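Shown next, in structure tokens, is the structure this report addresses.
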Amino acid sequence: MALKPTGSKKTPSVTVEDPSPEDEILMREIDEAVRQDDATQFFQKYGVMLGSALALVLAAFGGYLLWDNYREGQLEQQSETLVKALDQSEAGDFSASSETADALLDSENDGARTAARFIQAAAALEQGDTAKAVELFGMIAADENAPPALRDLALLREVSTNFDDRDPADVIAKLKGLAVPGNAFFGSAGELTAIAHLEAGNRDAAGALFGEIAKDEEQPETLRSRARQMAGLLGVDAVVDVDKLLEDQGVDPEAGLGPSTGL
């Protein structure tokens, strides 16, 4: 239902959703108070209600400011702790670095907690404690709240850290989701998986995977070169562009390889 204008000037009628009886009474009384310029009467009627509402809004806003300030303070403190742990690692004091990072393992901040575990795992590796490093990498990989990219990296590090002690089938199963073209860790995960296939006697699977790595232009050239050589040994042609390959190796494609010397 549209409200009728109270003045003499006509305005276009605008249809809105029908207000409830309570809203209609409230709007009429407010309109009457404003038109009569009777502010005293208005605030006598609605002062308590408006004051309570304002108090609630201010309380909620104040609570938000306190929470935000507390959260930012925590983040700043956690950042300082991480920087301190990293500085200790760079200085070669791995025991102190691990101990400093320990304070963040119960953090509600997923990133800080994950970073602390990475620092401790790296410290364990430097101290020769491979088992502890593998355990920490495994904890990160299993943490569903950790950033996905860091979980994948931790899984890769978990497998690579004690690769020689693992069953090839275990390596293949663990890295299955990473050893696929397009994945950010395809190069490293694919190479480990291909080696595991080779150790398991799956020469065709190993050759095919080495070939995919060699053809992936997103991978470092050193990795592609290794993969190309391995693919060739396994009977897989991983060379897409022969001329480009020769150029990368410093050979002029136009000059050819020259006559055979018989050596």
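A short reminder: the numbers here are calculations on the coordinates, not readings from a lab. Everything numeric in this text was worked out from a predicted model, so none of it was measured. Positions of Cβ are backbone-derived with ideal geometry, glycine not excepted, and every protein chain shown enters the neighbour counts.
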Original post:
Just in the range 164-194: which trypsin sites (Lys or Arg not before Pro) are loop by DSSP and have at most 15 other Cβ atoms within 10 Å?
Top reply: LYS176
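Which shape class applies to the range 92-191: rounded if a/c is under 1.5, otherwise prolate when a/b exceeds b/c and oblate if not, where a ≥ b ≥ c are the square roots of the Cα gyration tensor eigenvalues? If you can, show how the numbers build up before the last one.
On the way: a/c = 2.40, a/b = 1.45, b/c = 1.66.
It is oblate, given that a/c is not under 1.5 and a/b is not larger than b/c.
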Subject >> Shape call, the range 146-207: gyration tensor on alpha carbons, a/c limit 1.5 >> reply: oblate
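Mind scanning LYS132/LYS176; LYS84/LYS174; LYS132/LYS215 and naming the pairs with a C-alpha gap bigger than 30 Å?
On the way: LYS132/LYS176 24 Å; LYS84/LYS174 33 Å; LYS132/LYS215 36 Å.
Checking Cα-Cα distances, LYS84/LYS174; LYS132/LYS215 exceed 30 Å.
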Subject >> Compactness index (Cα Rg / 2.2 N^0.38 Å), the range 95-148 >> reply: 1.05
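What's the FRET efficiency of ASN162 with ASP102 using the Cβ-Cβ distance as r and R₀ = 25 Å, to the nearest 0.05? Write out the running numbers ahead of the final one.
Details: r = 23 Å, r/R0 = 0.93.
The calculated FRET efficiency here is 0.60.
Would you mind getting me the FRET efficiency between GLU80 and ALA142? Use the beta-carbon distance for r and R0 = 30 Å, nearest 0.05. Please list the in-between numbers first.
On the way: r = 28 Å, r/R0 = 0.93.
About 0.60, to the nearest 0.05.
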Subject >> Net lengthening on full extension, ARG203/VAL180 (0.36 nm per residue, minus Cα-Cα) >> reply: 6.5 nm
**OP:** Would you calculate the separation in nanometres between label points at ALA169 and GLU126, each defined as 7 Å from the Cα along the Cα-to-beta-carbon direction?
**Re:** 3.9 nm
Original post:
Residues of the range 156-197 with amide nitrogen under 12 Å from the 7 Å Cα-to-Cβ point of ALA149?
Top reply: 184-185
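Could you tell me whether the range 131-181 comes out rounded, prolate or oblate from its Cα gyration tensor? Rule is a ≥ b ≥ c as square roots of the eigenvalues, rounded for a/c under 1.5, then prolate if a/b exceeds b/c, otherwise oblate.
Working: a/c = 2.28, a/b = 1.17, b/c = 1.95.
Since a/c reaches 1.5 but b/c is at least a/b, the shape of the range 131-181 is classed as oblate.
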